[in-house]
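A short worksheet on the structure shown next.
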Amino acid sequence: QVRMVESGGGLVQAGGSLRLSCAASGTSLSINAMGWYRQTPGKQREMVAGITSGGNTNYADSVKGRFTIFRDVSKNMVYLQMNSLKPEDTANYYCNATIGSSRFWGQGTQVTVSS
């Protein structure tokens, strides 16, 4: 069974940085793509950043130039480096992995940015 576990969330002041990590385990299959989403209460989950197995990346407009996604394919890990954080970045951040036609999600890690 595929398991996704996020870590690295926390409380940070505006302008600060955090790095989120996510480990995928329980599969011997290749992971096609990995990504990060975020969600705040009462709102839909939104895509933050994604990365393919070939290293192609895409970002939400709101985080371009501030966030960087990267992955360690050999370790089935994906990371999200978040710089110049803003209060509006406050959310629960989820990682996901696409394996074949299935998508797997973690439980989320809370990021809170104080003004």
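Condition check for SER53 on (1) at negative phi; (2) at pLDDT 95 or above; (3) more than 12 Å from the chain's Cα centre (by Cα): one failure, at (2).
Any residue at all in region 27-35 that is part of a strand (DSSP E or B) and under 10 Å from the mean Cα position of the chain (by Cα)? Within region 27-35, one or more residues are part of a strand (DSSP E or B) and under 10 Å from the mean Cα position of the chain (by Cα). Just to be sure, is GLY65 in contact with a Leu (Cβ under 6 Å, 6 or more places away or on another chain), more than 21 Å from GLN107 (Cβ to Cβ), part of a loop (DSSP other than H, G, I, E, B) and not hydroxyl-bearing (Ser, Thr, Tyr)? No, not satisfied.
Could you pull out every one of the strands (runs of 3 or more DSSP E) wholly within region 72-115 that has 2 or more residues that are in contact with a Ser or Thr (Cβ under 6 Å, 6 or more places away or on another chain), open to solvent by less than 10 Å² (accessible area, probe 1.4 Å) and within 27 Å of GLN1 (Cβ to Cβ)? Show your work before the answer.
Values: elements: 77-82, 91-99, 102-105, 109-114.
Output list reads 91-99.
Whenever a residue of region 7-19 is in contact (Cβ under 8 Å) with a residue 60 or more places away in the chain, its partners that are open to solvent by 60 Å² or more (accessible area, probe 1.4 Å) and not in a loop (DSSP other than H, G, I, E, B), lying with C-beta atoms within less than 7 angstrom and at least six residues away or across chains, give the pairs GLY8/ARG19; GLY9/GLN110. Of all the criteria given as (1) among the β-branched types (Val, Ile, Thr); (2) open to solvent by 30 Å² or more (accessible area, probe 1.4 Å); (3) more than 12 Å from the chain's Cα centre (by Cα), the one not satisfied by THR68 is (3).
Of the listed requirements (1) part of a loop (DSSP other than H, G, I, E, B); (2) under 16 Å from LEU85 (Cα atoms); (3) of a type in the set (D, E, K, R), ARG19 misses just one: (1).
The values are calculated or read from the model by the stated rules, or taken from the named source; none is laboratory data. Only a predicted model underlies this, so the values are computations on that prediction, with no experimental measurement involved. Glycine also receives a Cβ, built like all others from the backbone with ideal geometry; neighbour counts cover every protein chain displayed. Just so you know, the surface numbers come from the protein's heavy atoms only, side chains and all, with ligands and any DNA or RNA stripped out. Shrake-Rupley method; radii C 1.70, N 1.55, O 1.52, S 1.80 Å.
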